[in-house]
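Accompanying notes for the structure given below.
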Amino acid sequence: MFRYFQELPLPDLPTQQQPPGNALAGLPVVFYTDGPTTETFTVDIRGFTVDIVATASAFTWDTGDGTVLQTTDPGAPYPNHTVSHDYRSGTYTASLTTTWSGTFSVNGGATADVPGTTTTDGLPATFTVLQASPVLTNPFD
């Protein structure tokens with residue numbers, strides 16, 4: 001069963017980041033994915049109808065600066081975010097690897113776990129983190 005599970009066309013969940021475009025050093029960059037985290041497939045295996053439900057069970061966020069964040073949720077956009085990271089100034093490419101686990105049933109029978117997991121790599125996000133400098137101004141100028 002595991003071989004069939006590994007061959008499923010699971011989605012490559014994209015890496016989303018906020019703010020879009022450039023970020024500022026000292027302010028967190030929020031990460032999330034907005035792709036589907038559950039997929040259902042029906043396959044024919046040697047004349048048997050097998051229903052497989054694949055679920056994204058873990059998310060590995062490579063922040064691009066050497067930090068790796070492990071989560072069990074896909075994150076969310078601001079203000080409900082659950083995954084964020086602070087950066088120094090520079091250009092970074094962050095990426096997401098999704099771990100999929102699954103269950104299956106044969107001909108509508110009892111559901112069982114697929115032994116093992118598989119992973120997909122989503123499209124990365126490249127962004128620049130800028131250093132902001134305070135500037136004193138005269139409000140009367």
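The values are calculated or read from the model by the stated rules, or taken from the named source; none is laboratory data. As the structure is a computational prediction, the values presented were derived from the model and not from experiment. As a convention, Cβ positions derive from the backbone with ideal geometry for all residues, glycine included, and neighbour counts pool all protein chains shown.
Brief remarks on what is shown
- Residues satisfying the stated conditions in the stretch 55-77, i.e. free of Cβ contacts under 8 Å to residues at least 12 places away in the same chain and either buried (at least 18 other Cβ atoms within 10 Å of the Cβ) or in a loop (DSSP other than H, G, I, E, B) (or both): GLY66
- Any hit, the stretch 74-88, residues being touching a strand residue (DSSP E or B) at 6+ places or on another chain (Cβ under 7 Å), among the hydroxyl-bearing types (Ser, Thr, Tyr), closer than 24 Å to GLN6 by Cβ and at pLDDT 95 or above: no
- Of all the numbered requirements in (1) exposed (fewer than 14 other Cβ atoms within 10 Å of the Cβ); (2) touching a residue at least 40 places away in the same chain (Cβ under 8 Å); (3) under 30 Å from LEU130 (Cβ atoms); (4) not small (Gly, Ala, Ser), ASN80 misses one, and that requirement is (2).
- Answer residue from the stretch 83-114, given it is part of a strand (DSSP E or B) and within 12 Å of the chain's Cα centre (by Cα) and is farthest from THR128 (Cα to Cα) among those: TRP100
- Within the stretch 104-141, being more than 30 Å from ARG3 (Cα to Cα), without any contact (Cβ under 8 Å) to a residue 12 or more places away in the chain and not aliphatic (A, V, I, L, M) holds for SER133, PRO134, THR137, ASN138, PRO139, PHE140, ASP141.
- Residues of the stretch 19-54 satisfying the condition of being in a strand (DSSP E or B) and surrounded by fewer than 16 Cβ atoms within 10 Å (Cβ to Cβ): LEU24, THR38, THR40, THR42, VAL43, ASP44, ILE45, PHE48, THR49, VAL53
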